[in-house]
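Reviewing the structure listed below.
Throughout, read-outs are computed from the coordinates displayed, never taken from laboratory work. Owing to the predicted nature of the structure, the values given are computational and were not obtained by experimental measurement. Neighbour counts are summed over all protein chains in view; Cβ atoms, including those assigned to glycine, are modelled from backbone coordinates with ideal geometry.
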Amino acid sequence: MTFTAAVIVSLKPTVLDAQGDTVRAGLHRLGYQGVQSARVGKYIELQLEAADAEEARRQAERMCADLLANPIIENYTVQVTPA
């Protein structure tokens with residue numbers, strides 16, 4: 001069965017986000033003064049073959065641990081749905 005795994009990788013709250021600071025400053029220059037902070041992350045969508053949704057989740061989480069996220073500075077979430 002085919003599943004879609006949506007992976008969101010974001011910096012841990014204690015890690016400085018220079019790119020997010022740049023986005024916030026740019027939004028301020030455009031007049032969006034209400035933006036207090038911005039954090040930039042990654043969205044990765046995977047199409048997986050697996051026996052069931054739980055196996056697809058395990059595969060995606062292994063991929064995050066092995067390649068897609070740096071566990072020292074990043075957190076990730078995985079959402080699996082049938083494709």
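Key figures
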quantity	calculated
Length-normalised contact order of region 2-82 in % [C-alpha pairs under 8 Å, at least 6 apart]	51 percent
Kirkwood Rh in Å, taken over all unlike Cα pairs in the chain	14.3 Å
V35 versus A6: modelled label distance in nm, points set 7 Å from Cα along the beta carbon direction	2.2 nm
Cα-based radius of gyration of region 1-45 once divided by 2.2 N^0.38 Å, which approximates compact folds	1.54
Relative contact order (%) - criterion: Cα under 8 Å, at least six apart; region: region 15-54	38 percent
